[in-house]
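J.: Below is one structure. I have some questions about it.
The values are calculated or read from the model by the stated rules, or taken from the named source; none is laboratory data. Just so we're clear, the structure is a prediction, and the values are computed from it rather than from any experiment. A quick note on method: Cβ atoms are made from the backbone with ideal geometry, for glycine too, and the neighbour counts reach across all protein chains shown. For accessibility, only protein heavy atoms count, side chains too; no ligands or nucleic acids. Shrake-Rupley method; radii C 1.70, N 1.55, O 1.52, S 1.80 Å.
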Amino acid sequence: MNLAERILARAAGRDQVAAGEFVMAEVDLALLHDIFAAQVFDLLREVGVDRVSDPDRTVVVIDHLVPAPSTAAAELHQKIREHVARLGIGAFYDAGRGICHQLLPEQGHIRPGELVVGTDSHTTTYGALGAGGTGIGTSDMVYALATGRLWFRVPETIRFEMTGQLMSGVSWKDVILHLAGRFGSDGAQYRAMEFAGPAVAGADMSSRLTVSNMALEMGAKFGLFAADEVTDAYLRDHGGAGTEPFQPDPDATYEAVHEIALSDLEPQVALPHEVDRVSPVVEVEGITINQAFIGSCTNGRIEDLRAAAEVLAGKHIADGVRLLVAPASQAVLGEALETGVAASLVEAGASILAPGCGPCFGGHGGLLAPGERCIGTHNRNFIGRMGSAQAEIYLASPATVAASALTGHITDPRHLEAPDGR
Amino acid sequence: MADDILKGRAWRLDHDISTDVLSPGAYAVDPVEVRKLHVLESVVPEFASEVRPGDMIVAGRNFGCGSSRETAAENLRALGVTCIVAESLSRLFMRNAIAVGLPALVCRDAHAAFTQGDEIQVHPGEGRIINVSSGLELEADPLPEEMCRILAAGGILAMLKGQGVA
Ligand code: SF4
């Protein structure tokens, strides 16, 4: 069995499952965030259930509307706190602690091989640790909380064999943007993606989280990495006991296997308004920007802030550009303060936002006017995602976003030191 | 529901219609009566005011891509849309559509076979789609039994109530 099959076989209590089968699976962990939590808990009560099947493995995070931008949002949060207390939910992260997809791995909730559902599409992020994370809607969540179980179709799996080594200035964000551009926004629709090959061993956990997060933008149900020494070390650092290797069986079968050579890959950018309209940054250099955003569950970790700070250190962003930085969690912000990363960002002209989703989904904080352009490290550039439907969103790596903030136009980070001053 | 033959008018939509346009974030926590008025407003501004109960959607690739928000499916159902047919469907949208009792079918040829306003007939359980206006008959992937059972119950919450888990 491949990783997806192993995860669903275990959750369904079966020795063997194969792609295409439907299974009733036990859910190991359920995640709810502030946009949907109150609604789910209300519905649960409406169907007559006054408990959740496993309060210790139900995690609630207030992260989208943080700090509450309206009275309605504040009331929503109030309701969530009441429900959390009533249901005796073990893990509750209140406003300001960070983004759900950062907190769950960071705080040790994710274990390789387990099945995780969340009322958020980017629940695929946990595939970075070998967990079967996937998004579900509110009704499905009510069913999962009431019964502890949910139906799943065992997906076909596409395996990506990564070889070679990334050039300096190129990151795993560029890799996943490249894959989205090459295979399309439905290139892995209803399928699992398995990331493997020699290059993957060299990808740190932060990079893997970025890749698994954006697997969803290709339609994937899961975006999986096998659990290896990198996973083991990460789990030990984050309150866990480490892990055994969790690998696909040697005779596992795949719908397709693609070899991806990384050595020649250049920095990539997704152009408005589709995540799969991807171009090398060099081909669109010079497009002016009004806002630059570094944050989100895709690229708001300390590694991302550090990569941006390295580009920005000792320099100042261009006139007419607003640089927003939203650390993915309080722990990330704390580390940025301790290590001087935050100071470099602020000295370069950045505004630091509260840990949370911030402008990523266009709810509040850093919205765009008609005709404005933003380049950000987040995962979606759909029309109207950050405010006006006449605004444009470009997606890139932290280094590319930082370089663009410095010059005021889209800029390949490798060109900053060029003698012509670009 | 999965055994009914649905009849109505087709709204032909493009590729990559995302949950952000089906249920804009700005109205995320508003009641469905408000949310449904903004369905597709950034790409088909007349949709919410002109759609009639019984209408169906015939879309291109990757319909419903984006977030997990079930409101994308719920809003369409609230406007009276009875079925979605698309060249390909986002996994989450399909899951949510079934969960709220709205049939959603994948049919590779549908988008090219319909023009805006064509009369359409769909048999979700058999995966049969007819363009009544042109006479063309198409095959969709039939919905698996598990999904038909949820649709027949009227959605997953109705099914939960019926199972007496509560
Ligand atoms: S950071 Fe953006 S993509 Fe991630 S959970 Fe928040 S809104 Fe969603």
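J.: Within the range A:13-48, work out how many residues are in a loop (DSSP other than H, G, I, E, B), more than 11 Å from chain B (Cβ to nearest Cβ) and among the small types (Gly, Ala, Ser).
T.: 3
J.: Suppose we keep only residues that are part of a loop (DSSP other than H, G, I, E, B) and buried (at least 24 other Cβ atoms within 10 Å of the Cβ) within the range A:342-362. Which one would you say is farthest from the other protein chains (Cβ to nearest Cβ)?
T.: A:355
J.: Identify the residue in the range B:1-39 that is open to solvent by less than 60 Å² (accessible area, probe 1.4 Å) and among the small types (Gly, Ala, Ser) and, among all such residues, is nearest to residue B:116 (Cα to Cα).
T.: The qualifying residue nearest to residue B:116 (Cα to Cα) is B:10.
J.: Going by what's in this entry, would residue A:396 be described as within 16 Å of the ligand (Cβ to nearest atom), touching a residue at least 40 places away in the same chain (Cβ under 8 Å) and within 19 Å of the chain's Cα centre (by Cα)?
T.: Answer is yes for this residue.
J.: If residue B:37 satisfies all but one of (1) within 12 Å of chain A (Cβ to nearest Cβ); (2) over 11 Å from the mean Cα position of the chain (by Cα); (3) within 22 Å of residue A:385 (Cβ to Cβ), what's the number of the condition it fails?
T.: (1)
Per-residue answers, yes or no, for (1) open to solvent by 10 Å² or more (accessible area, probe 1.4 Å); (2) within 16 Å of the ligand (Cβ to nearest atom):
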residue	(1), (2)
A:7	no, no
A:10	yes, no
A:34	no, yes
A:54	yes, no
A:78	yes, no
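J.: Return the residues of the range A:164-201 that are surrounded by fewer than 24 Cβ atoms within 10 Å (Cβ to Cβ), hydroxyl-bearing (Ser, Thr, Tyr) and within 23 Å of residue A:376 (Cβ to Cβ); say none if nothing qualifies.
T.: Answer for the range A:164-201, where residues must be surrounded by fewer than 24 Cβ atoms within 10 Å (Cβ to Cβ), hydroxyl-bearing (Ser, Thr, Tyr) and within 23 Å of residue A:376 (Cβ to Cβ): just A:168.
J.: Now for a different question. Scan (1) acidic (Asp, Glu); (2) away from the ligand (no atom under 15 Å from the Cβ); (3) buried (at least 24 other Cβ atoms within 10 Å of the Cβ) for the single condition residue A:161 breaks and write down its number.
T.: (3)
J.: Does the range A:100-110 include one or more residues that are at pLDDT 95 or above, farther than 16 Å from residue A:215 by Cβ, buried (at least 24 other Cβ atoms within 10 Å of the Cβ) and within 14 Å of chain B (Cβ to nearest Cβ)?
T.: Within the range A:100-110, one or more residues are at pLDDT 95 or above, farther than 16 Å from residue A:215 by Cβ, buried (at least 24 other Cβ atoms within 10 Å of the Cβ) and within 14 Å of chain B (Cβ to nearest Cβ).
J.: Let me ask another. Name the one entry in A:286, A:219, A:240 that is without any contact (Cβ under 8 Å) to a residue 40 or more places away in the chain and either within 16 Å of the ligand (Cβ to nearest atom) or not acidic (Asp, Glu) (or both).
T.: A:219
Per-residue answers, yes or no, for (1) within 12 Å of the ligand (Cβ to nearest atom); (2) buried (at least 24 other Cβ atoms within 10 Å of the Cβ):
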| residue | (1), (2) |
| --- | --- |
| A:315 | no, no |
| A:323 | no, yes |
| A:327 | yes, yes |
| A:338 | no, no |
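J.: What about residue B:117, is it touching a Leu at 6+ places or on another chain (Cβ under 9 Å), more than 14 Å from chain A (Cβ to nearest Cβ) and part of a loop (DSSP other than H, G, I, E, B)?
T.: Here the answer is no, as residue B:117 does not meet what is asked.
J.: Considering each residue of the range A:363-381, count those that are more than 16 Å from the chain's Cα centre (by Cα) and either within 16 Å of the ligand (Cβ to nearest atom) or outside any loop (DSSP other than H, G, I, E, B) (or both), and give that number.
T.: Going through the range A:363-381 one residue at a time, the tally reaches 9.
J.: Which of the residues that make up the range B:143-160 are within 14 Å of another protein chain (Cβ to nearest Cβ), open to solvent by 50 Å² or more (accessible area, probe 1.4 Å) and closer than 20 Å to residue B:73 by Cβ?
T.: B:146, B:149
J.: Please enumerate the residues belonging to the range A:253-271 that are assigned to a loop (DSSP other than H, G, I, E, B), open to solvent by less than 20 Å² (accessible area, probe 1.4 Å) and among the hydrophobic types (A, V, I, L, M, F, W, C).
T.: Those that are assigned to a loop (DSSP other than H, G, I, E, B), open to solvent by less than 20 Å² (accessible area, probe 1.4 Å) and among the hydrophobic types (A, V, I, L, M, F, W, C): A:262, A:265.
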